[in-house]
Amino acid sequence: NADQDILRTTAIPGLLANIVLNKSNRAENIRLFEVGNVFIQTDSSTPLPNEKTQISGVLTGTRMGMGWTHQQEPVDFYEVKGVVESVFQALGIVCEFRRTEDIPFLHPGESAAVYADGDTIGVLGKLHPDVVDAFHIDEDRIYLFELFLEQIVAHSSLERTFRSLPRFPAVHRDLAVV
């Protein structure tokens, strides 16, 4: 494939192509992620870029599927932020979100960089309208994240402490008198 004959610097175009494909098959609420290698030139003195593993994801549509118990609310910035926070909480990472306008493929008003102990471990936000137009996507509310796996592993704490089972477990009874 001609689109895959170069070293990619982000996994986002592949995820957006999958959104286009899913939308053409009438999928509305789309949640996709990919773990893959990207190549980033960090030092101009070396001819080869650094290979890094990233976790990238996209969300579009509504927060929940169809149902009569809740309203259809579109995905927003706080939804993607909550996804990232949930992952970091499970890994024991205390993260901080700082507003940023430096990421060209993200909307400047709805984007943030993710930090842990002062290190940048990812970015998230709304896809820039110019990128949406370039991919010919008829949905304007596409949110995404890119997380750097190496930094996540360095800051994660998977130590768990053992808690014994209660000696007298709770008893729940349902009593019906007719």
Practice task
Treat each spin label as a single point 7 Å out from the Cα along the C-beta direction, and report the Ala134 to Thr10 distance in nm.
Solution key: 0.8
Handout entry: Solvent-accessible ranking of Thr46, Thr69, largest area first, probe 1.4 Å
Key = Thr69, Thr46
Handout entry: Protein accessible area in the chain, 1.4 Å probe - carbon and sulfur %
Key = 54
Exercise for the section: Taking only the C-alpha atoms, wrap a convex hull around the chain and report its volume per residue in Å³ as a whole number. Expected result: 208
Handout entry: 16 Å Cα-Cα reach of Lys81 towards lysines, excluding residues that sit fewer than 8 places from it in its own chain
Key = Lys126
Exercise for the section: At most 15 other Cβ atoms within 10 Å plus a DSSP loop assignment makes a site exposed; report the longest stretch of the chain without any exposed GluC sites (Glu not before Pro). Expected result: 29-100
Practice task
Taking the Cα centre of the chain as origin, sum charge times position over the Cβ atoms of Lys and Arg (+1) and Asp and Glu (-1), and report the length of that vector in debye to the nearest 20.
Solution key: 940
Exercise for the section: Give me the accessible area per residue for the chain, probe 1.4 Å, as a whole number in Å². Expected result: 69
Practice task
Count neighbours as other Cβ atoms within 10 Å of each site's Cβ, and list the chymotrypsin sites (Phe, Trp or Tyr not before Pro) in segment 37-113 that are DSSP loop with at most 10 such neighbours.
Solution key: Trp68
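The values are calculated or read from the model by the stated rules, or taken from the named source; none is laboratory data. Everything quoted here is computed from the prediction, not taken from an experiment. Reconstructed Cβ throughout: ideal geometry from the backbone, glycine too, with neighbour counts over all protein chains shown. What goes into the accessible areas is simple: the full protein's heavy atoms, side chains included, and nothing from ligands, DNA or RNA. Shrake-Rupley method; radii C 1.70, N 1.55, O 1.52, S 1.80 Å.
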